[in-house]
Amino acid sequence: MIRTINSIVVHASDSWYGNAVLLNEWHKQRGFTLSKDGNYIGYHKFISNGYPTYESYVNKQYQQDWDGRIFTARNDYEIGCHVKGMNNESLGVCIIGKFDNLLPSLFQLTTLINVVIDWMDKYKVSLDNVFGHREAQLSLKETPTKTCPGVELQMGWVRGNIWRQKQKPV
């Protein structure tokens, strides 16, 4: 099935740690739809931090090889479950973290910018259609219930860095 992609939505997990198994369980508990690949994660991709598990977080066992690692949760052709009213024509990427309190790592930000640029180029999505979850809800005239992707993860900064990357000569 071919679908039109006209927007990209950035999310944060609102958790200090995470991995595919945990995200899948959290989304299953919230009643997200099962993907064709057999998981409940509503995003198309997610970007890990250095703490894949609760134990690694509470024991301060940072794992650099996990920081900024990208995981595919749903294929691009599949409708996601990440912004009510926009799922049919959007792709969603989630960064593991609580960004009302701190910034994502440099590894996470670099991966985020690269994923969004790849999607923009592949699906001809304009920079004006790259939203944070809260912005996406506002564009639908909904009252946001969260700050997602967070107060510290400013979407203006993200879009500015995407614009700068796209200006660089190939």
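The values are calculated or read from the model by the stated rules, or taken from the named source; none is laboratory data. Keep in mind that this is a model prediction, so the values were computed, not measured. We place every Cβ from the backbone using ideal geometry, glycine too, and count neighbours over all the protein chains shown. Quick note on the areas: whole protein, heavy atoms, side chains included, nothing else; ligands and nucleic acids left out. Shrake-Rupley method; radii C 1.70, N 1.55, O 1.52, S 1.80 Å.
Kindly provide the pair-distance distribution of segment 11-140 built from C-alpha pairs, with 10 Å bins from 0 and whole-percent values in order of increasing distance.
Answer for segment 11-140: a P(r) of 13, 44, 36, 8, 0 percent.
Which aspartates and glutamates have a Cα less than 16 Å from the Cα of Lys168, not counting those fewer than 8 places away in the same chain?
Answer for Lys168, where 16 Å is the Cα cut-off: Asp118, Asp121, listed by chain and number.
Over the alpha carbons of segment 66-170, what is the largest minus smallest coordinate on each principal axis, giving the biggest first in Å?
In descending order, the Cα extents are 39, 33, 26 Å.
Whose amide H sits under 5 Å from the amide H of Gly92, counting only residues 5 or more places off or on another chain, with H placed in the peptide plane?
HN-HN under 5 Å from Gly92: Val9, His44, Lys45.
Please state the charge dipole magnitude for segment 87-139, taken about the Cα centre, from unit charges on C-beta atoms (+1 on K and R, -1 on D and E), reported in debye and rounded to the nearest 20.
The calculated dipole for segment 87-139 is roughly 100 debye.
Mind computing the radius of gyration and Dmax over the alpha-carbon atoms of segment 82-143? Å is fine for both.
Both quantities, over Cα of segment 82-143: 12.6, 33 Å.
Would you mind working out the magnitude of the charge dipole of the chain relative to its Cα centre, with +1 at each Lys and Arg C-beta and -1 at each Asp and Glu C-beta, to the nearest 20 Debye?
Here the size comes out at about 280 debye.
Of all accessible surface on segment 29-170 at a 1.4 Å probe, what whole percent is carbon and sulfur?
52 percent
With each run of n ≥ 4 DSSP H residues scored as -39500 (n - 2.57), what mean residue ellipticity at 222 nm is computed for the chain after dividing by its residue count and rounding to the nearest 500 deg cm²/dmol?
-9500 deg cm²/dmol
What is the Rg over Rh value, at two decimals, for segment 1-78, using alpha-carbon atoms and the Kirkwood definition of Rh?
Rg divided by Rh gives 1.01.
Evaluate the relative contact order of segment 1-137 (contact order divided by residue number), counting alpha-carbon pairs under 8 angstrom at least 6 apart; express in whole percent.
After rounding, I find 37 percent.
Most fluctuating residue of Asn87, Asn129, Asn59 in a GNM of the chain with Cα springs under 10 Å: which is it?
Highest fluctuation of the listed residues: Asn59.
Quick check on my link table: of Lys122/Lys166; Lys84/Lys166; Lys28/Lys84; Lys60/Lys146, which ones sit more than 18 Å apart, alpha carbon to alpha carbon?
Over 18 Å Cα-Cα: Lys84/Lys166; Lys60/Lys146.
Quick one: Cα centre-to-centre distance for segment 74-113 and segment 2-56, in angstrom?
8 Å
Charges on Cβ only, +1 for Lys and Arg, -1 for Asp and Glu, centred on the Cα centroid of segment 58-110; of Phe107, Gly80, Tyr62, which one is farthest towards the dipole's positive end?
Comparing the listed Cα positions along the dipole, Tyr62 ranks first.
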